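Quick notes on the structure that follows.
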Amino acid sequence: MSNLKPTNDFVFKKLFGEEKNVDILKDLIQSILPELKIAKVVVNKDVSLERKLITDKLGILDVMATLNDNTKINIEMQVEDLHNTVERSIFYQSGVYHESLAKGVSYINAVKTIGIWITNYDVFKEGPFHEIARLKRDYENIILTDKYELHYIQLSKFKKKCKRISTKLEQWLLFIINENMEEINMVDNKYVKKAEKELEYLSGDEETRRLAELREKAIRDELAAIAQARDEGKSEGISKVARKMLEKKMDIALIMEITGLTKAE
């Protein structure tokens, strides 16, 4: 029986969003944010929301955590490209930032929020596989605030560009992709080793496999529904164009050539 994939967002949340695995979550975050000295990580867990979202099609199953200095971390695992990752990430992270500001607290005391989006596709055509976005002023590129930060970690770019594993982040990405067990076994990181064992355990648990497959099916169904809606919209648009061309008494052969419709249609 093959192992489940950490790129399944339900499996990712089971691996990194459980209190018992807070040490592997801490090591993953530290690999993404090496400049921070992380002493403590607290997992923010909402079990009822998690269970509700398993079958909620494209509902977000994220990993939320708070670091020792109250920095809020939001990690998303995204497999399918809906061509709106930047817009969605800004929207979700703005919500995290807003919620972090307790009622009656001064704006100046808002805590730092960091959104980490791990994607199985390219978010940007150019640039490195790990890209950081911050709010900056036009004037000399001065940082406007350090309290709002987005990280895009593109697994597809990592696979193409990284031929040699040399950093802790690269070790974790190799594990998350989970395609070459020989390479993963050579990784010298006790937390990656623990994550590997945890993944093996989850893969052998019948209920976890069922929920992971249910999650994948829900996403496939939603993507199929989106594709069908697009096709129907495209078809309706072509029909409108053809009608207008007929009204203007354009040649039938020309209308067929432009729209791709048959003469009968």
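The values are calculated or read from the model by the stated rules, or taken from the named source; none is laboratory data. Note that the structure is a prediction, hence the values are computed from the model and not measured. Please note: Cβ atoms are built from the backbone with ideal geometry, for glycine as well, and neighbour counts cover all protein chains shown. Just so you know, the surface numbers come from the protein's heavy atoms only, side chains and all, with ligands and any DNA or RNA stripped out. Shrake-Rupley method; radii C 1.70, N 1.55, O 1.52, S 1.80 Å.
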Practice item. Please report, in debye to the nearest 20, how large the charge dipole of the range 186-265 is about its Cα centre when each Lys and Arg carries +1 at its beta carbon and each Asp and Glu carries -1 there. Key: 420
Exercise for review: Beyond 26 Å between alpha-carbons counts as too far, so tell me which of Lys13/Lys159; Lys37/Lys163; Lys20/Lys72; Lys13/Lys136; Lys163/Lys190; Lys125/Lys190 fall in that bin.
Suggested key: Lys37/Lys163; Lys13/Lys136; Lys125/Lys190
Check your understanding: Which value, in Å² rounded to 10, gives the accessible area of Ser94 with a 1.4 Å probe and all protein chains present?
Key -> 50
Review point. What size of dipole, in debye to the nearest 20, comes out for the chain about its Cα centre when the only charges are +1 on Lys and Arg C-beta atoms and -1 on Asp and Glu C-beta atoms?
Key: 380
Exercise for review: Just subtract the alpha-carbon distance of Arg209 and Leu144 from 0.36 nm times their residue separation and send over the number in nm, one decimal.
Suggested key: 18.9 nm
Review point. For Lys20 and Leu101 in one chain, what is 0.36 nm times their gap in residues minus the Cα-Cα distance, to one decimal in nm?
Key: 26.4 nm
Practice item. Rank Met186, Met250, Met77 by mean-square fluctuation in a GNM of the chain with C-alpha springs under 10 angstrom and give only the top-ranked residue. Key: Met250
Review point. With axes computed from alpha carbons, what is the tilt in degrees of helix 190-204 against the longest principal axis of the chain, rounded to the nearest 10 within 0 to 90?
Key: 60
Check your understanding: If you roll a 1.4 Å probe over the chain with all protein chains in place, what percent of the accessible area is carbon or sulfur?
Key -> 53
Check your understanding: In nanometres, what is the gap between the two model label sites at Asn84 and Met250, each 7 Å from Cα along Cα-to-Cβ?
Key -> 3.1
Check your understanding: Put +1 on the Cβ of each Lys and Arg and -1 on the Cβ of each Asp and Glu in the range 79-188; which of Pro128, Tyr148, Asn178 then has its Cα farthest toward the positive end of the dipole?
Key -> Tyr148
Point to revise | Packing-based ranking, highest mean first, of 137-147, 116-126, 237-247 given that Cβ atoms within 10 Å are counted | key: 116-126, 237-247, 137-147
Review point. How large is the helix-only mean residue ellipticity at 222 nm for the chain, computed as the sum of -39500 (n - 2.57) over DSSP H runs with n ≥ 4, divided by its residue count, in deg cm²/dmol to the nearest 500?
Key: -15500 deg cm²/dmol
Study note, to complete from the structure: Count of lysine pairs, the range 205-260, Cα-Cα under 26 Å, sep. 8 or more residues or interchain, comes to 6
Practice item. Would you mind checking the tilt of helix 206-247 against the longest principal axis of the Cα atoms of the chain, expressed as 0 to 90 degrees and rounded to 10? Key: 30
Practice item. Tell me which label goes with the value of Cα extents along the principal axes in Å computed from the coordinates here: [x] 75, 55, 41; [y] 59, 41, 32; [z] 55, 43, 31. Key: [x]
Check your understanding: Of Lys112, Lys249, Lys160, which has the largest mean-square fluctuation in a 10 Å C-alpha GNM of the chain?
Key -> Lys249
Review point. Taking the Cβ of Val187 as the center, what net charge do the other residues with Cβ under 14 Å away carry, scoring Lys and Arg +1 and Asp and Glu -1?
Key: -1
